[in-house]
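A quick write-up on the structure given underneath.
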2 protein chains.
Amino acid sequence: MIIHELTPADCAEVLSRGSVARLACCRMNQPYVVPVSFVYDPRQVCLFSFSAIGKKVEWMRTNPSVCVEVEDFEDRFNWATVVVFGRYDEIGDAPKHQELRQRALHLFSERSRWWLPGAAKLGASEHQNVVVYRIHIDSMTGRRTTRPETT
Amino acid sequence: MIIHELTPADCAEVLSRGSVARLACCRMNQPYVVPVSFVYDPRQVCLFSFSAIGKKVEWMRTNPSVCVEVEDFEDRFNWATVVVFGRYDEIGDAPKHQELRQRALHLFSERSRWWLPGAAKLGASEHQNVVVYRIHIDSMTGRRTTRPETT
């Protein structure tokens, strides 16, 4: 098994196909990592996601520096992983955020219909304890395995 | 889809079955998360793993507070996730670490034969740039989905 570094374009491809990431944040030098659903926006070079208000959101409001890991896992010999360093940015209900919020909802709904009930609620702001946010991508690196033999 | 909190015993079961985790560490309030192979030791209430010396090990040597996330993912409606807060503890080559090192190697080899070449190298200390470590588990929480209907 040989491990290759991914180019930025390869990293973007892994992010485009992914729907579940592991989001790490930290507070007072204590890290915290949880799985999150996401969608990648190549136009804005960011990841969109949403979450109930809880530990993760509270910590990211305090310290917006995050790290996100996305995998493309076929089996233990065939996988790719991308690690993103980025910044949390909450997308509020205010009029100035409407365009961005619509962009996020559009991408969520485009990705898969199972987003729709959640996205609809977000659009209508029925759930005041749910926040939409994006992760600005500052840098990303990735690795992919390839088998030495191709037969 | 209903989400339940897991008991400590349920969390331990998820860890026992898992082999890949996402390990988050941080330095100067910048988190970092990467996938790692691991094995859970219920006797010592820790996770064992090994790694080439690089960013992850260097950061954990500086700040041993870590967070580890393990998933048991069947499909998007059936999954469990466990989040561990713990402390990094490097297991060196010194005689005082031999028993612990052997315990780790035993668990690695028991888990799956694909560990063996790596484990053998670790046992012989052929690779000076590979470290064996454990994560002491300070606390853990978990969640599992269940379908509302069971038909």
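Could you count how many residues in region B:55-89 are at pLDDT 95 or above and not in a strand (DSSP E or B)?
Residues that pass the stated criteria total 10.
All but one of (1) more than 14 Å from chain B (Cβ to nearest Cβ); (2) of a type outside the set (S, T, N, Q); (3) part of a helix (DSSP H, G or I) hold for residue A:4; which doesn't?
The number of the failed condition is (3).
Restricting attention to region A:30-88, and to residues there that are more than 23 Å from residue B:80 (Cα to Cα) and of a type in the set (Lys, Arg), which single residue is farthest from the chain's Cα centre (by Cα)?
Across region A:30-88, the extreme among qualifying residues is A:61.
Which members of region A:73-98 meet the condition of being within 14 Å of chain B (Cβ to nearest Cβ), touching a residue at least 40 places away in the same chain (Cβ under 8 Å) and surrounded by 13 or more Cβ atoms within 10 Å (Cβ to Cβ)?
Hits for region A:73-98 are A:78, A:79, A:80, A:81, A:82, A:83, A:84, A:85, A:86, A:87, A:88.
Take region A:25-72 and flag every residue that is out of contact with any strand residue (DSSP E or B) (no Cβ under 7 Å at 6 or more places or on another chain), within 11 Å of chain B (Cβ to nearest Cβ) and either surrounded by 24 or more Cβ atoms within 10 Å (Cβ to Cβ) or charged (D, E, K, R) (or both).
Hit for region A:25-72 is A:27, nothing else.
Which residue is farthest from residue A:86 (Cα to Cα), if the candidates are limited to region B:11-24 and must be more than 9 Å from chain A (Cβ to nearest Cβ) and of a type in the set (A, V, I, L, M, F, W, C)?
It comes out as B:12.
Which one is farthest from the other protein chains (Cβ to nearest Cβ) among residues in region B:99-116 that are loosely packed, with under 13 Cβ neighbours inside 10 Å and under 16 Å from the mean Cα position of the chain (by Cα)?
Ranking the candidates gives B:110 first.
Hey, does region A:8-20 have a residue that's modelled with pLDDT of 95 or more, of a type in the set (A, V, I, L, M) and within 14 Å of residue B:68 (Cα to Cα)?
Checked against the condition, which is being modelled with pLDDT of 95 or more, of a type in the set (A, V, I, L, M) and within 14 Å of residue B:68 (Cα to Cα), region A:8-20 yields no hits at all.
Of everything in region A:20-52 that's in a strand (DSSP E or B) and among the aromatic types (Phe, Trp, Tyr), which residue is farthest from residue B:143 (Cα to Cα)?
Looking at the filtered set, the residue picked out is A:40.
Report whether or not residue A:124 is among the small types (Gly, Ala, Ser) and either modelled with pLDDT of 85 or more or closer than 16 Å to residue A:19 by Cβ (or both).
The answer is no for residue A:124.
Quick check, is residue A:16 of a type in the set (Gly, Ala, Ser) and either in contact with a His (Cβ under 8 Å, 6 or more places away or on another chain) or more than 29 Å from residue B:141 (Cα to Cα) (or both)?
The answer is yes for residue A:16.
If you go through region B:140-149 one residue at a time, do you hit one that is assigned to a helix (DSSP H, G or I), within 23 Å of residue A:25 (Cα to Cα) and either modelled with pLDDT under 90 or not aromatic (Phe, Trp, Tyr) (or both)?
No, region B:140-149 has no match at all.
The values are calculated or read from the model by the stated rules, or taken from the named source; none is laboratory data. What you are looking at is a predicted structure, and each value in this text was computed from that prediction instead of being measured. Virtual Cβ from ideal backbone geometry, glycine too; neighbours counted across all protein chains shown.
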